[in-house]
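What follows is a single structure, written as structure tokens, with notes after it.
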Amino acid sequence: MSKRLINLLTPIFAVLLGIILGTIIMLVSGYNPVDAFIALGQGAFGDVYQTGEVVRQVTPYILAGLAVAFAFRVGLFNIGVEGQFIVGWLAAVWVGVTFELPTIIHIPLAILAAMLAGGLWAFIPGLLKARFRVHEVIVTIMMNYIALHVVNYIVNTKMNQGSSKTGKIHETASLRSEWLSNLTTGSSIHWGIIIAIICCFIMWFLLEKTTRGFELRAVGFNQDAAHYAGMSVNKNIILSMVISGCFAGIAGAMEGLGTFGYMAVQGGFTGVGFNGIAVALLGGNTAIGVFFAALLFGILKIGALSMPLAGVPKELVDIIIALIVFFVAASYMIRIVLERFSKKGVK
Amino acid sequence: MEYVIEMLNIRKEFGGFVANDNITLQLKKGEIHALLGENGAGKSTLMNVLFGLYQPEQGEIRVKGKPVHISNPNIANDLGIGMVHQHFMLVDKFTVTENIILGKEITSGGQINLKKAEKEVRDISERYGLAVDPQARISDITVGMQQRVEILKTLYRGAEILIFDEPTAVLTPQEIKELIQIMKTLIKEGKSIILITHKLKEIMEVADRCTVIRKGKGIGTVNVSETNPNELASLMVGREVDFKTEKIQASPKHDVLDIKDLIVKDSRGVSAVRGLNLTVRAGEIVGIAGIDGNGQSEFIEAITGLRKAEKGSIKLNGKELFGLPSRKITEAGIGHIPQDRHKHGLVLNYPIGENMVLQTYYKKPFSKTGILNFKEIYNKARTLIKEFDVRTPSEYTLARALSGGNQQKAIIGREVDRNPDLLIAAQPTRGLDVGAIEFIHKRLIEQRDNGKAVLLVSFELDEIMNVSDRIAVIYEGQIVAVVNPKETSEQELGLLMAGSNRKEAGEGTHV
């Protein structure tokens, strides 16, 4: 079996194992797994409305997944996607609320602001890592809390238009479209999915085809060899964090300009950034893998909302997701089984 | 004479690849038996079969005449087989005794009885003349001492048969002499030794018999007293080998590299290079001889920009390089074959083809307006792979998958191809077999003959004596002597490397 095939089969097996074990848990706790999965399928694909919701949910997952994956490819663990996502959201909403511009300028400007905010938020841990070798995991976790509380403060005190929310963004900055909405009988789908797919392409192109990508990947694989080859390791570390933060910021813009159209005070972390870690892991840190992993997560999350109708708590889906993540992380096990299996096949 | 170990017609396959094909090795009691073969010939595989790490597809292993089935290393240990690994398996922060008893602790009432253990270790050490201090911390003792701890470990576990895996690779000439003495003592005490090596000189000096394997096949066993290095080399490689590297007289010209009062600190902040002066001229090879840890690595890293130097001047063709980043230094005309090819020389997870442009990827035609031109990159790679005889399934194969010798050829190809004014080769042949060494030496001399300067750093005195036009001896971060290889001896160099001054060391003239 070729290595490529094994790389492809590993996450698929992880998903299957997660679902099987989830089924067993349902059986043990006295729920009917058949009903549960039918409800889940109905909840995700039952009608176009649900599919619209899935697409809406997938959008920030893709971008958050790209953010984590990009940093990871350069050897950095960006746990701060959540925080970069929150500041990106606020920045996009601020541009959306404050300015009155034609759509063609307003949307790009709002997304750019989100990128800058996310990028800046990631620049700080990148700089600390490059200059003082402070571990990025610690700094990004702290930056998450700073983001959450600072953004809540700003929303509450500077932009509050009642009930702890900012005002609605102007129509010209909105990614929502009547046409899409009508097509999906009033779901909250928006054009953001196109942006997310473009970002997948950008990440792939940047890493695989450009000179800069060659350097970034080299730094990710072997910093000493990169240094030997005359690459600036520190510069590439900072750059990768900033680009990662930009993706996370765009993910935030999707919520601000698409899904919600405003920003409310957050009671806690949204979870999008953290789900991004799982998405990147399941997607093997590649652009295409992130896309499919995000799709799966979106389906599970939206489908789960319908599971209580079958008398099954939706939290079971969180268990299944956790199991999938567990099996991907334990992919070494799956790999060994696959390799054994393929050896027998040869004989 | 009885055999303590017999490995008969061993065959081991990996997938479709035959690593060992019908190899027979018979070890007599009380002999030193060398196992000779090129890199990748299957020496390690064979020993791993004996040690229970691999199961052979065919063949039989007998210990003292009895057929045995060695399914894991514990069984090998119980049968009295011990391995002295090339890469030591020691805990740095533990003492010698603690390392030796690890896994076999003597306990009394749930506590380790260190006193008793130390006494046992001291007894064994004295019996075999190892002179190891049982209370010393591993991080405080020399590499040679650490190796003795490894030997002690196997003896402590009751080994009768010791396998030495390339034991001299990390030792200084003096330490090698001592090791050979130790091996002889072990034999006198009734132990038997298998010595894995590709150094012919050592085999001639210490071994009784020698089994040669080539490309996984057993070529045969010879009595060392009835053979000579040339015969052994051709048995190993399968063709005639030149030992003396042929070269014409050097005709050095202007100074290319000029180093003055260089001071470099090591990673711990201690000065490793302490006021070093050296010049290398166009058209000559200067060899740096010295015992590992006398500042060679720091010196090379400082010249190539991998490490910041504290003070001094590094001039290349009159241009000051001090403090420049590594890219500027590379572009100024320095090629560097790094000491550690896995750490610095290659991105192992990149295809070998992309590693071929590791220094030039950002230049035309490989990169245009920030986009890589893979067609050009792989064209270049194919040319270099062919020219430098890099054996790889394809240019898209990951560098990781190539053998050490081919990885090294790839690096040399890449560096020589840029045609640098100064080529720095740090231990360019470490761990390589005779054929690859010959190839690399030829390439270095070719560079010299093309009027380039070459700086060679090596711990192998043979290599230094053979290839260099001038030898600079480094000791404690300074060049303590510059000698002419034709007018010096290994003895003199060995003493200079150990810190004796020139008068004590012997005649030798300044060049």
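The values are calculated or read from the model by the stated rules, or taken from the named source; none is laboratory data. Quick caveat: nothing in here was measured; it's all calculated off a predicted structure. As a convention, Cβ positions derive from the backbone with ideal geometry for all residues, glycine included, and neighbour counts pool all protein chains shown. We work out accessible area using only protein heavy atoms, side chains counted, and drop any ligands, DNA or RNA first. Shrake-Rupley method; radii C 1.70, N 1.55, O 1.52, S 1.80 Å.
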Roughly how many debye, to the nearest 20, is the charge dipole of region B:255-509 about its Cα centre, given +1 on each Lys and Arg Cβ, -1 on each Asp and Glu Cβ, and no other charges?
-> 1220 debye
Computed magnitude of the charge dipole of chain B (debye, nearest 20; Cβ of K, R +1, Cβ of D, E -1) | 1240 debye
With chain A reduced to its Cα atoms and the Debye formula applied, log10 I(q)/I(0) at q = 0.07, 0.14 1/Å amounts to -0.31, -1.17
For region A:64-163 the GluC sites (Glu not before Pro) that pass both the DSSP coil test and the at-most-16 other-Cβ-within-10 Å test are A:GLU100
Separation of region B:186-257 and region A:166-239 by C-alpha centroid, Å?
-> 57 Å
Additional length obtainable on full extension of the chain from B:LYS119 to B:ARG327, 0.36 nm per residue less Cα span = 69.3 nm
³J(HN,Hα) computed for each position of region A:107-117 - Karplus, 6.51 cos²θ - 1.76 cosθ + 1.60, integer Hz, glycine/proline x | 5, x, 5, 5, 5, 4, 4, 5, 4, 4, 5
Taking B:LYS188 as the anchor, which aspartates and glutamates have their alpha carbon closer than 13 Å to its alpha carbon, excluding any fewer than eight residues away along the same chain?
-> B:GLU31, B:GLU160
Cα-Cα longer than 20 Å, checked against B:LYS64/B:LYS217; B:LYS315/B:LYS380; B:LYS368/B:LYS409; B:LYS66/B:LYS191, kept in input order, equals B:LYS64/B:LYS217; B:LYS315/B:LYS380; B:LYS368/B:LYS409
Antiparallel DSSP beta bridges within chain B, percent to nearest 5 = 55 percent
Considering the dipole of the protein assembly as shown built from charges on the beta carbon (Lys and Arg +1, Asp and Glu -1) around the Cα centre, which of A:THR286, A:ILE189, B:ILE213 is farthest to its positive end?
-> A:ILE189
Normalized C-alpha radius of gyration of the protein assembly as shown, against 2.2 N^0.38 Å?
-> 1.14
Partners for B:LYS116 among aspartates and glutamates (Cα-Cα distance below 19 Å; same-chain residues under 8 apart left out) | B:GLU98, B:GLU105, B:GLU126, B:ASP133
Probe 1.4 Å, all protein chains present, accessible-area order of B:VAL480, A:VAL95, largest first | B:VAL480, A:VAL95
Please list the non-local residues whose amide H lies under 5 Å from the amide H of B:VAL84, H modeled 1.01 Å from N, same-chain partners needing a gap of 5 or more.
-> B:ILE163, B:PHE164, B:ASP165
At a 1.4 Å probe radius, which order do A:VAL151, A:VAL337, A:VAL137 fall into by accessible area, largest first?
-> A:VAL337, A:VAL137, A:VAL151
With no solvent and one equal point scatterer placed on each C-alpha of region B:255-509, evaluate the Debye formula and give log10 I(q)/I(0) for q = 0.12 Å⁻¹, two decimals.
-> -0.70
List every residue whose amide H lies under 5 Å from the amide H of B:LEU398, counting only residues 5 or more places away in sequence or on a different chain, with H placed 1.01 Å from N in the peptide plane.
-> B:ILE352
Sorted list, accessible surface of protein heavy atoms, 1.4 Å probe, largest first, for B:HIS441, B:HIS342 is B:HIS342, B:HIS441
DSSP bridge pairs, region B:255-509: antiparallel proportion in percent, nearest 5 | 55 percent
Anyone know which of A:LEU300, A:LEU116, A:LEU206 comes out most mobile in the 10 Å Cα GNM of chain A?
-> A:LEU206
Using unit Cβ charges (K, R positive; D, E negative) and no other charged atoms, how large, in debye to the nearest 20, is the dipole of region B:388-511 about its Cα centre?
-> 360 debye
When the Cα centres of region B:409-488 and region A:288-347 are compared, how far apart do they sit, in Å?
-> 55 Å
Of all DSSP beta bridges in the protein assembly as shown, what percent run antiparallel (nearest 5)?
-> 60 percent
With springs only between Cα atoms under 10 Å, which of A:ILE277, A:ILE321, A:ILE20 fluctuates most in a Gaussian network model of chain A?
-> A:ILE20
Where does region B:3-237 land on Rg/Rh, using Cα atoms and the Kirkwood Rh?
-> 0.98
For B:LYS319, list the lysines whose Cα falls under 22 Å from its own Cα; do not include residues on the same chain fewer than 8 positions away.
-> B:LYS253, B:LYS260, B:LYS308, B:LYS311, B:LYS328, B:LYS452
For chain B, what is the mean residue ellipticity at 222 nm derived from helices alone (per DSSP H run of n ≥ 4: -39500 (n - 2.57); sum divided by total residues; nearest 500 deg cm²/dmol)?
-> -9000 deg cm²/dmol
